[in-house]
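Novice: Got a structure here, written out as structure tokens. Questions coming.
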Amino acid sequence: MLDVRTGTTTAADVLVEGNRIARIARPGELGAPADPVKLNVAGQTVLPGFSNNHVHVGWSGMGWDGGPTGILREESLHDSDGINAIKAAANLRKSLRVGLTALRDLGMRMSAFDAKEALRRGLLKGPRLFIAGKAIMCTGGHTWWCGREADGADGIRAAVREQVKLGADHIKIIANERTPQYTVDELRAAADEAHRLGRRITAHASIREAIQNVVAAGFDSIEHGGPVDDDVLAQIVERRMFVVPTFSPRVLQTERGPARGMPADVAAARRKQAEQNPPGAFLRRMHEAGVKFAFGTDAGSPCVPHDEIMGEMEALLRHEAVNTPLDVIQMLTINSAELRGDADRLGTVEEGRLADLVTVEGNPLADIRVLGKVRHVFVDGTHLVDNGELRDWYSW
């Protein structure tokens, strides 16, 4: 069993009763109840369930399909609610298989609301799903075709209230595309309203000015990230803001996009951007300053499937955004729970915590690729992946 806070491993038996971790003891000293269901995981490591904190369950993560934004706009504008529901169900299934027991969805029309309702009703068994509803952007802003356009402080407050009314667990704002797309006053209105309603708020912020603006506005976290000035970096650390780096679009789209329909000029621009601004440089600086990272892949964006998480882990280490496999494991587990605000229930293997558990074959501290060898997955105490195979994940 791995203690994700300290990186220590201990030989242990774990007793799950209902949806909780009831007891943890040295092998043979558990004192389990009569006739327990036993699962032999000798040679495996028991970890808290993994989290992907930047997903779009209604997007497929397939090829590029020719346009400057890939297949996303076509999916968002033309796919029916029925197709979106099927994609969401398939993506929940893919996520489970690789050990993801919690997903933080950051918006695509209404598909995440429907997926969460299906999970609540028990129609599907899958990861915990925390949703933003529709991302909020200015009129004509980045991904306007699948979000909620809103302008001015009052308009943005209304959009935040709308998402909360529909059932959003958190709020996402689009702070930039190539240039900032909201003023500090508009962003501050969004943060104030989200916090007044008891929700955390995050921003798509990937350029210097936009990051500066969301920090000044009092946001809780940043998606993607980018270069920052020293004073802004100090504020991020002081306020304990999280960053969700999302290497996968940069890495996988650049590698796979040309073979899957990415226009040549887009591919060339991506390569030039990577050469001029190595993707690990600003993240390494943030990490060294003490910024906490949570794991996220931008799953569903072109060429980023929901079941491909190893590429993100390996990229974080290869580009030296973090230093060790334990850093990555913490991003997947305890840091993710702290980002969402549920670290009192999830993110560690401890008595009394919710039984979201993963076992992998081998020791991931020695080799990060071990995290790709998922053998068993439990969500809320229910055994959903058995020896690498999905069990009954639907209820009909």
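Novice: Once you've got the GNM for the chain with C-alpha springs shorter than 10 Å, pick whichever of Val41, Val184, Val55 has the biggest mean-square fluctuation.
Specialist: Sorting by GNM fluctuation, first place goes to Val41.
Novice: Here's something else I'd like to know. Need one number: % antiparallel among DSSP beta bridges in the chain, to the nearest 5.
Specialist: That works out to approximately 45 percent antiparallel.
Novice: Which of the peptides 292-298, 355-361, 261-267 is most tightly packed, and how do the rest follow, going by the mean number of other Cβ atoms within 10 Å of each residue?
Specialist: 292-298, 355-361, 261-267
Novice: Next question. Given only helices, namely DSSP H runs of n ≥ 4 each adding -39500 (n - 2.57), what is the per-residue ellipticity at 222 nm of the chain, to the nearest 500 deg cm²/dmol?
Specialist: That comes out to -9500 deg cm²/dmol.
Novice: Moving to a separate point now. Can you tell me the length gained on complete extension of the stretch Thr179 to Glu351, counting 0.36 nm per residue apart and subtracting the Cα distance?
Specialist: 57.2 nm
Novice: Can you work out the PRE-style zone for Arg284? Point 7 Å along Cα to Cβ, and I want the residues of segment 317-340 with backbone N under 14 Å.
Specialist: Zone members listed by number: 317-324.
Novice: Convert each backbone phi in segment 123-139 into a coupling constant with the Karplus relation 6.51 cos²θ - 1.76 cosθ + 1.60 (shift: θ = phi - 60°), then list the ³J(HN,Hα) values in order as whole Hz, x for Gly and Pro.
Specialist: 5, 10, 10, x, x, 4, 10, 10, 10, 9, x, 8, 5, 10, 9, 5, 4
Novice: Run the numbers for Glu209 and Asp230: contour at 0.36 nm per residue of separation, minus the present Cα-Cα distance, in nm.
Specialist: 6.3 nm
Novice: Using 1/(1 + (r/R0)^6) with R0 = 41 angstrom and r between the beta carbons of Ala90 and Arg161, what's the FRET efficiency to the nearest 0.05?
Specialist: Approximately 0.80, to the nearest 0.05.
Novice: Starting from the Cα-Cα distance between Asp3 and Asp265, subtract it from 0.36 nm times their residue separation and give me the gain in nm to one decimal.
Specialist: Full-extension gain reported as 89.7 nm.
We did not get these values from a lab; they are worked out from the coordinates using the rules stated. If you're wondering where the values come from, they're calculated on a predicted model, not measured in any experiment. All Cβ positions, even for glycine, are placed from backbone atoms using ideal geometry, and neighbour counts span all protein chains on display.
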